[in-house]
Amino acid sequence: QILITFLIKKRTILAAFIFINTFIFTAAIMSDKKVDVLMVGTGEYTTGYVGGTKSDSDKGAGVVALTMFDLRRRGKVDRVAMCGVNGKKFPGIRTHMKRCIEDVYNEMDLTCDTFPKDGEVNPKSYVDACASCKPGDVAVIFTPDDTHFDIALECINKGMHVMVTKPIVQTLADHKKLAEAAKAKNVLVGVEVHKRLDPFYADARDRARSELGNFQYMYAYMSQPKHQLDTFKAWAGKSSDISYYLNSHHVDLTEWILAGIARPIRVTATASTGVAKARGMNTEDSITLTVQWQNLGDKSVGCGVYTSSWVAPKSDVHSQQRFFYMGTNGEINVDQAHRGCTVGQDGKPFASVNPLFMKYTPTNGYFSGQSAYGVKSFENFIDACAACNNGTKKPDDFDDGSIATVHTTFQGTAILEAGRMSLDADGQPMDLIYESDTEMHPTEIKAHTF
């Protein structure tokens, strides 16, 4: 009888031990649960596939798809799906990705559900793609600017976390709607502005905020070669412009630098024309935004000048990009295009390369670009979404500047929209209106009266 009692106690202790360890193991599994990803858009930044072949830019192997396949290899992503408009492109895209990813890097599983079906053309295929997903999944949207709002809202209403390439939307009104939807659905919605993860830009931001005093002046320039007009001919001048496409980067940088310190109050835009119109494209060649920023502490005013162009000549870099920032106590110069690394190779043009953005060269057969800020931008967002899904974080935890969320990027949208409005009004300045002297989110845009 004593022996039987002992065995019963031992079995109870063993059962309790098994239960506790099973619970701990299950909790660990849940905390590290992979996320499923839907990539919306099949163009250059997603796949590197343009015009039926590999892009001749610095992103020939793409960025988004390569990153997601690598995140799956490393256990952070499970299902990967891709959505476009023209299913006739998918056979070519698969061949391209095999050549540029699977044949180059070890252990890359390119399994990917695609929408619409091969051979079909459907501008609304994102609805079907979204229906195949579940709440907590992640949508990464890289499509023409005028499609961002409808696609993002569809995904948000599904309960998905959403990352949208810059500009997140083209109007302040649409931005407000997305922010409200994200809050109602309790999902994380962010803008893909990878320059925030460039160590040069991040350090400049911290120096400006901590050491350089009130904002005085900033000049930023970003360009791409004129053959990009062919890459973007489906939408250039029809649904968006070069300012939305490129000025958005340095406008966002300024908003990030000056968060809580200064706010934009007036935007005036001017443009250069000729090259695109000679190619039959009714769009500006270069756009310059002049933005007045008001320092909140003493109401002094600084000036930011942002110029973007897509008619530059081919050079040693695909994209010229640099800025000069001056505060009342000092200044910073950053040339993002030239990092002190040049490459000369038979059969290829001399190039200044930037492996800090994307490192495509494999290490021992494996993709090894995980530390590049082009990759980290997506990985950080995937990690944030996983944390929201398992309850260790809430979406609004990331409004601290660690991610460019829909709730912290109103100013950028307002500046870009005001710039377009100014151009359409023959250069008339546009005022950004706020509800109070301390409010940081503009509520409307009005033409300035002298």
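Any read-out appearing in this document is the output of simple, stated calculations on the displayed coordinates, not a laboratory observation. In this text, all values refer to a predicted model and were calculated from it rather than measured experimentally. Virtual Cβ from ideal backbone geometry, glycine too; neighbours counted across all protein chains shown.
Tabulated data for the structure shown
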{"quantity": "Directionally averaged projected area (convex hull, Cα atoms, the range 317-450), nm²", "calculated": "14.9 nm²"}
{"quantity": "Low-density loop cleavage sites - chymotrypsin sites (Phe, Trp or Tyr not before Pro) in the range 60-141, where at most 15 other Cβ are within 10 Å (DSSP)", "calculated": "none"}
{"quantity": "Gyration tensor (alpha-carbon) shape descriptor, the range 210-356, a/c threshold 1.5", "calculated": "oblate"}
{"quantity": "Cα gyration tensor, the range 278-378 - rounded (a/c under 1.5), prolate or oblate", "calculated": "oblate"}
{"quantity": "Cα-based helix-to-principal-axis angle, 148-157 vs the chain, degrees rounded to 10", "calculated": "30 degrees"}
{"quantity": "Whole-Å distance, taken between Cα centres, linking the range 233-249 and the range 257-277", "calculated": "14 Å"}
{"quantity": "Percentage of interatomic Cα-Cα distances in the range 206-276 larger than 20 Å", "calculated": "44 percent"}
{"quantity": "Rel. contact order, % - alpha carbon contacts under 8 angstrom, at least six apart, the range 104-233", "calculated": "17 percent"}
{"quantity": "Computed FRET value (nearest 0.05) for Asn106 with Ile261, which takes r as the C-beta separation and R₀ as 56 Å", "calculated": "0.75"}
{"quantity": "The range 40-92 - Rg (one decimal) and Dmax (whole number), Cα, Å", "calculated": "11.5, 33"}
{"quantity": "Quarter of Cα convex hull surface for the chain, i.e. mean projection, nm²", "calculated": "28.0 nm²"}
{"quantity": "Residue among Ala259, Gly213, Thr114 farthest towards the positive dipole end of the chain, charges placed on Cβ", "calculated": "Thr114"}
{"quantity": "Dipole-positive endmost among Pro167, Gly75, Leu38 within the chain (Cβ charges, Cα centre)", "calculated": "Gly75"}
{"quantity": "Scattering curve values for the range 99-207, log₁₀ I(q)/I(0), Debye with Cα scatterers, q = 0.24 Å⁻¹", "calculated": "-1.23"}
{"quantity": "DSSP-assigned coil residues among GluC sites (Glu not before Pro) in the range 369-450, each with at most 15 further Cβ atoms within 10 Å", "calculated": "Glu435, Glu439"}
{"quantity": "Within the chain: Cβ-based charge dipole about Cα centre, in debye rounded to nearest 20 (Lys, Arg +1; Asp, Glu -1)", "calculated": "1360 debye"}
{"quantity": "Tilt relative to the chain, helix 64-73 - C-alpha long axis, 0 to 90 degrees, to 10", "calculated": "20 degrees"}
{"quantity": "Linear extension gain, Asp118 paired with Ser436, 0.36 nm per residue minus alpha-carbon span", "calculated": "109.2 nm"}
